[in-house]
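Trainee: Have a look at this one.
The values are calculated or read from the model by the stated rules, or taken from the named source; none is laboratory data. This structure is a prediction, so every number in the text was calculated from the model and none was measured. In this analysis, Cβ positions are derived from the backbone assuming ideal geometry, glycine residues included, and neighbour counts consider all displayed protein chains. Ligands, DNA and RNA are excluded from the accessible area calculation, which covers all protein heavy atoms including side chains. Shrake-Rupley method; radii C 1.70, N 1.55, O 1.52, S 1.80 Å.
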Amino acid sequence: MSKKIKISVVGIGLMGLQHIIAIQKSKFATLHSIVEIKKNGIELSKKFKVPLYKTIKILLEKFHILGTTT
């Protein structure tokens, strides 16, 4: 079995939540973390049991990123 792709979702508005739902259903990906500056980011990171980052810069400083998309 191959490794799952780890995905961070930046911005947890309507589309961000839809991305999380799709990631959870995927056989090939797993939610790595959330990047969100609003208070709802804390609740959602706890709900999905992933780290929360306040900025993309902090996330990028900690991990080797292979690509980004919007």
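Trainee: Between Ile37, Ile58, Ile12, find the one with the highest GNM mean-square fluctuation for the chain; connect C-alpha pairs within less than 10 Å.
Mentor: Ile58
Trainee: In the chain, if the dipole is taken from +1 on Lys/Arg beta carbons and -1 on Asp/Glu beta carbons about the Cα centre, which of Tyr53, Gln18, His32 is farthest to the positive end?
Mentor: His32
Trainee: Quick one: order Lys25, Lys4, Lys38 from most to least accessible surface, probe 1.4 Å.
Mentor: Ranking Lys25, Lys4, Lys38 by accessible area, largest first, yields Lys25, Lys38, Lys4.
Trainee: I'd like the accessible area for Thr55: 1.4 Å probe, protein heavy atoms, all chains in place, Å² to the nearest 10.
Mentor: Here the residue's solvent-accessible area equals roughly 60 Å².
Trainee: How big is the charge dipole of the chain about its Cα centre, in debye rounded to the nearest 20, if each Lys and Arg gets +1 on its Cβ and each Asp and Glu gets -1 on its Cβ?
Mentor: 200
Trainee: When only C-alpha pairs under 8 Å and at least 6 residues apart count, what is the relative contact order of the chain, in percent?
Mentor: Answer for the chain is 27 percent.
Trainee: How much accessible area per residue does the chain have, counting only protein heavy atoms and a probe of 1.4 Å, in square angstrom?
Mentor: 81
Trainee: I would also like to ask the following. I need the shape label for the chain. Rule: rounded when a/c is under 1.5, else prolate if a/b > b/c, else oblate, with a, b, c from the alpha carbon gyration tensor.
Mentor: Note, shape of the chain comes out oblate.
Trainee: A follow-up question, please. Hand me the chymotrypsin sites (Phe, Trp or Tyr not before Pro) from the chain located in a DSSP loop with no more than 13 other Cβ atoms within 10 Å, in residue order please.
Mentor: Filter output for the chain: Phe28, Phe63.
Trainee: Over the chain, with every protein chain in place, what whole percent of the accessible area is carbon and sulfur at 1.4 Å, could you tell me? Display every interim value, and only then the final one.
Mentor: Values: 3530 of 5700 Å².
Its accessible area is 62 percent carbon and sulfur atoms.
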